[in-house]
Amino acid sequence: MAVTIKDIRTICTAPEGINLLVVKVETSEPGLYGLGCGTFAYRYLAVKTVVDEYLKPLLVGRDVSQIEELWQLMNQNGYWRNGGIENNAISGVDMALWDIKGKMAGMPLYQLFGGKVREAVPVYRHADGRDLQDLCDNIQKYVNIGVKTIRCQCGGYGGGTYSAAPAGTPAGAPKGVYLDAKTYIKNTVKMFDFVRGRFGDSIDLVHDVHERIAPSDAVQLARELEPYHLKFLEDPVSIEQTQWLARIREASSTPIAEGELFNNPQEWQYPIANRLIDYIRCHLSQIGGITPARKLQIFAEQFGVRTAWHGPGDMSPVAHAANVHIDLAAQNFGVQEWSGIEPPNFVIQKLSGPHGALLEVFPGLPEYKDGYVYPNDNPGLGVDINEAEAIKYPCNPEVVTWTQTRKMDGSLQTP
Ligand code: MG
């Protein structure tokens, strides 16, 4: 007799002060359930509504084994498709169904994707600093624990923090995260000069533009960073301006990673098929979960484009595990962004929640060791949720401010 979906629940929790949304799919088989990530940190209540009010009534009673059928059903049911809120809701269910599939098979998910081609996943970490010396000190802390690839930023993503308009802006300009593109480009080149001077070629370096400058400025930056041999330059243009990737390619040999904000196949098909990017770095829940991510990974492999999935703090450990399971079995894997739990006694980022709370809420989070992340070998995704712990950390629905990035004339810039 088929195992069917008995119930679907959403669990919202913020153990580190970042809103996370996890979907729990319970089945007709006692004790058999799956977990999926539907975290859209700044719109989590909307995702919750889609899951609770629309996907649950659509799916209860259906056969859990038919992941592809159910993914298509969820994707097409609302008629309009490919929106971020919808995709995160779908992802929550989709990952949970894969988790259930692995548990039914008695295998970790990477086995269902063809088995390991590597024993663990090399990761890159994010280093920032108040000034160049502080940045280098933070890079050194990561080097000391074996990290081989570091993303270097100075003063956030080229802007300060959310505050009053600085000098040089028009009278009456609103509060925001202000960025002057010229200064940012100059400082970024200076930063890599300093970092290469201190560390030589002993580490790989990454930089995230975060879509915060105009496309023609991104062309200039990619060109000026050429001497520093970056592993890649991350999201140099906004998702609305990906035609500019061809111009960056013509102008510079700096490798390009793009796609953190991609939502649908129309956005990645052209850059991959025309080899305009070196790394595809989608956010798994934003594109609808493991089902579309596996298709994308295999598509990219045909064109020699490698994966570097988004792995920030604003996704749950369930999604980090999903990244790692795909990475382990992907021939065209490049590197994995990692923001997971640090080894004991290692604190570099200021967390708003108690250190280690994430692990208490999500036992089974893949483990970092000497530059690599290892999943556990439990069936499915290998990550569980402690609901009694999760409830201690309520989410915060306040309006987000860091996304209010502004140019020096006071107008908004993509964040
Ligand atoms: Mg990024």
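The values are calculated or read from the model by the stated rules, or taken from the named source; none is laboratory data. No experiment lies behind these values; they were computed from the predicted model shown. Don't worry about glycine lacking a Cβ; one is built from the backbone with ideal geometry, like all the others, and counts go over all protein chains shown. Side chains included, ligands, DNA and RNA excluded: accessible areas come from the protein's heavy atoms. Shrake-Rupley method; radii C 1.70, N 1.55, O 1.52, S 1.80 Å.
Numbers below:
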| quantity | calculated |
| --- | --- |
| Highest-fluctuation residue, P379, P366, P265 considered, GNM on the chain with Cα pairs under 10 Å | P265 |
| Tail beyond 22 Å, pair distance distribution of the range 75-179 (Cα, percent) | 66 |
| Only Lys, Arg (+1) and Asp, Glu (-1) charged, at Cβ; the range 59-105 dipole about Cα centre in debye | 60 |
| Cα lying deepest toward the dipole's positive end in the chain, options C282, H207, P312, charges on Cβ | H207 |
| DSSP loop GluC sites (Glu not before Pro) with at most 15 other Cβ within 10 Å excluded, longest remaining stretch of the chain | 120-397 |
| Principal axes of the range 166-241: Cα extent on each, largest first, Å | 47, 28, 17 |
| Pairwise centroid distance, computed over Cα atoms, of the range 185-216 with the range 72-128, Å | 32 |
| Overall form of the range 41-91 per C-alpha gyration tensor (a/c, 1.5; a/b vs b/c) | prolate |
| Bridge type composition, the chain - antiparallel percent by DSSP, nearest 5 | 50 |
| Cα lying deepest toward the dipole's positive end in the chain, options I248, L233, T403, charges on Cβ | I248 |
| Protein-only accessible surface order, largest first, of S216, S238, S253 at 1.4 Å | S253, S216, S238 |
| Tilt relative to the chain, helix 317-329 - C-alpha long axis, 0 to 90 degrees, to 10 | 90 |
| Approximate shape of the range 122-270 as ellipsoid semi-axes (Cα gyration tensor, √5λ), whole Å, largest first | 24, 22, 15 |
| Per-bin percent of Cα-Cα distances, the chain [20 Å] | 27, 59, 14, 0 |
| Cβ-defined net charge surrounding L73, 14 Å radius [Lys, Arg +1; Asp, Glu -1] | -2 |
| Selected from N376, A388, L261, residue furthest toward positive end of dipole (the chain; charges at beta carbon) | L261 |
| Directionally averaged shadow of the range 251-320, computed from the convex hull of its alpha-carbon atoms, nm² | 4.8 |
| Test item: Cα-centred dipole of the chain, Lys/Arg +1 and Asp/Glu -1 on Cβ, debye | 460 |
| Carbon/sulfur fraction of accessible area - the range 1-124, other protein chains in place, 1.4 Å, % | 51 |
| Which of R130, R43, R406, R125 is most accessible, then next, and so on - probe 1.4 Å | R130, R43, R406, R125 |
| Unit charges on C-beta of K, R, D, E only; dipole of the range 140-259, Debye | 380 |
| Max mean-square fluctuation residue, GNM over the chain, Cα-Cα springs under 10 Å, options G158, G106, G84 | G106 |
| The chain: most fluctuating residue of W268, W80, W402 per GNM, C-alpha cutoff 10 Å | W80 |
| Calculated P(r) tail over 15 Å for the range 223-287, as whole % of Cα pairs | 47 |
| Accessible area per residue in Å² at 1.4 Å probe, computed on the range 233-320 | 33 |
